[in-house]
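Quick notes on the structure that follows.
Coordinate-derived values only; no laboratory data. These numbers were taken from a predicted model, which means no experiment stands behind them. For neighbour counting, all protein chains shown are included, and Cβ atoms are generated from backbone atoms with ideal geometry for every residue, glycine included.
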Amino acid sequence: MGKQEDFVLRALEERDVRFVRLWFTDVLGFLKSVSVAPAELEGAFAEGIGFDGSAIEGFARVHEADMLAQPDPSTFQILPWRGEGPATARMFCDIAMPDGSPSYADPRHVLKRTLGAAAEKGFTFYTHPEIEFYLFKGDLAPGAEPVPVDRSGYFDHTAQSRGTDFRREAISMLEAMGISVEFSHHEGGPGQQEIDLRYADALTTADNIMTFRTVIREVALGQDIWASFMPKPFTTHPGSGMHTHVSLFDGDSNAFFEAGAEYQLSKTGRSFIAGVLRHASEITCVTNQWVNSYKRLLGGGEAPSYICWGHNNRSAMVRIPMYKPNKGQSTRVELRSIDAACNPYLAYAVVLGAGMKGIEEDYELPAEAEDDVWSLTERERKALGIDPLPRTLYEAITVAEESELLPEVLGEHVYDFFLRNKRAEWEGYRGQVSAWERDQMLPVI
């Protein structure tokens, strides 16, 4: 047994931990949890905890159901919302087959495998997410529009604001779990918040995002409100995105930085962006995986609709932020299309896979979009070679079905299940009669 396992077993005694929750994520990005007693943990480290994989969305067919959850001791944390007295802790798990080989259905393994392929080329992938979400009052009645906790706007400071109190408590809880927060503020929509996590390697970030969502919901419930990461809960207010700043490091040096180059962006950085742009339509069904995601990507606001890049251009899908003189390590790329409800393991895997494809095959970066892309006409965009992102989940699925990159990055099993599930979601959605149709047509037809 290694040092990390020994540390966890000691901490269980010292902190009076009575329950340990083993966390993992299904293919769609929903958190799963199984609770074990501390006495079982030594065996769990050695052999894993068995469970029925066929009961988890996308994990296994009935005849190959047995799977093992193997706790990762480096992710051990006490859950601060469990209050005083005997403590409850959590660890993320890697999912394995009975023979000990990694499960092809485990999203965490998909990201680990993609990170491993980048590491073979000498690169470490860092990500820094800006996570948006809404806070609502009371209980949600079926079919009713939710009521935001406030009517504030972007960066507003409001006396006795529910959002301010909420962010303070949520950030304290996140930091108690070892998740560093860079900053937070009120976003543009009523009741909409943004909390930005400090940059870390992509696997740590994905684990942190799964923890973040749980913490946000726990804090909200404790304050008799509720939180949602739905990409577009309101027709007339901004959607919730997860703009993510990404960079590749080669050892201690930023592979995206080149002194004296335009925007201090290296050849490696330019090829990475070119890869993300060329494969943007293919990966959109993963970075924006819900029917509702495409309501956010319709245009305007802060959400991109077109495949292009720009320097400090907030209408572009990929943005090169303003660089700081003498701070080459801060050169990075901001991807603005990802929404806050994606599976972060799969989303970061496909972004890295697309970027690495650009580097390996030496893709050339297209011309920069210097204008507000939304203000251009379709003819002007076409003349500039700027294509739209998929406009519906159906379009995104159709492009993904023709992709060579996606099955390569996700693995055939996750790729097949994911697309099958998304097709079923689209079919369920397109048969629904909406309130808009009734409001427009019942009175006049």
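Available extension along the chain between D252 and D16 is 81.0 nm, counting 0.36 nm per residue and deducting the alpha carbon span.
Amide hydrogen proximity for F19: with H placed 1.01 Å from N in the peptide plane, the residues at 5 or more positions away or on another chain lying under 5 Å are A89. When you restrict to C-alpha pairs under 8 Å that are six or more residues apart and normalise by the size of the range 1-102, the relative contact order lands at 29 percent. Here E408 and Y429 are evaluated by their C-beta separation; at R0 = 35 Å the FRET efficiency comes out at 0.75.
The charge dipole of the range 17-105, taken about its Cα centre with unit charges on the Cβ atoms of Lys, Arg (+1), Asp and Glu (-1) only, comes to about 400 debye.
For the range 169-248, just say rounded, prolate or oblate: build the C-alpha gyration tensor, square-root its eigenvalues into a ≥ b ≥ c, call rounded for a/c under 1.5, and beyond that prolate if a/b exceeds b/c, oblate if not. It is oblate, given that a/c is not under 1.5 and a/b is not larger than b/c. Seen from every direction in turn and averaged, the convex hull around the alpha carbons of the chain projects onto 24.5 nm². Using C-alpha pairs below 8 Å separated by at least 6 residues, the relative contact order for the chain is 14 percent.
Close amide H partners of F257, meaning residues 5 or more places away or on another chain with modelled amide H under 5 Å apart, are S266. When D201, D139 are sorted by how many other C-beta atoms sit within 10 angstrom of their C-beta, beginning with the fewest, the order is D139, D201.
Going by neighbour counts of Cβ atoms within 10 Å, the residues K3, K267, K32, K232 line up, fewest first, as K3, K267, K32, K232. Using a simple spin-label model with pseudo-atoms 7 Å out from Cα toward Cβ, S35 and T377 lie 6.4 nm apart. Along the axis of the charge dipole computed for the chain (Cβ charges of +1 for Lys and Arg, -1 for Asp and Glu, origin at the Cα centre), the listed residues F123, Y394, P86 are led at the positive end by Y394.
Shown for the chain: lysine pairs separated by 8 or more places, or found on different chains, whose C-alpha atoms are under 27 Å apart, numbering 25. Stretching the chain fully between W81 and S180 yields a gain of 33.9 nm (0.36 nm per residue, less the alpha carbon separation). The label point for N421 and the one for T398, both projected 7 Å from the Cα toward the Cβ, are 2.4 nm apart. Between the range 206-263 and the range 369-424, the alpha-carbon centres lie 21 Å apart. Among Y363, Y126, sorting on how many other beta-carbon atoms sit within 10 Å of each Cβ, with the fewest leading, yields Y126, Y363. If the segment from S74 to D52 were pulled out straight at 0.36 nm per residue, it would be longer than the present Cα-Cα gap by 5.4 nm. Excluding the site residues themselves, the longest part of the chain lacking any GluC sites (Glu not before Pro) in a DSSP loop with at most 10 other Cβ atoms within 10 Å is 85-363.
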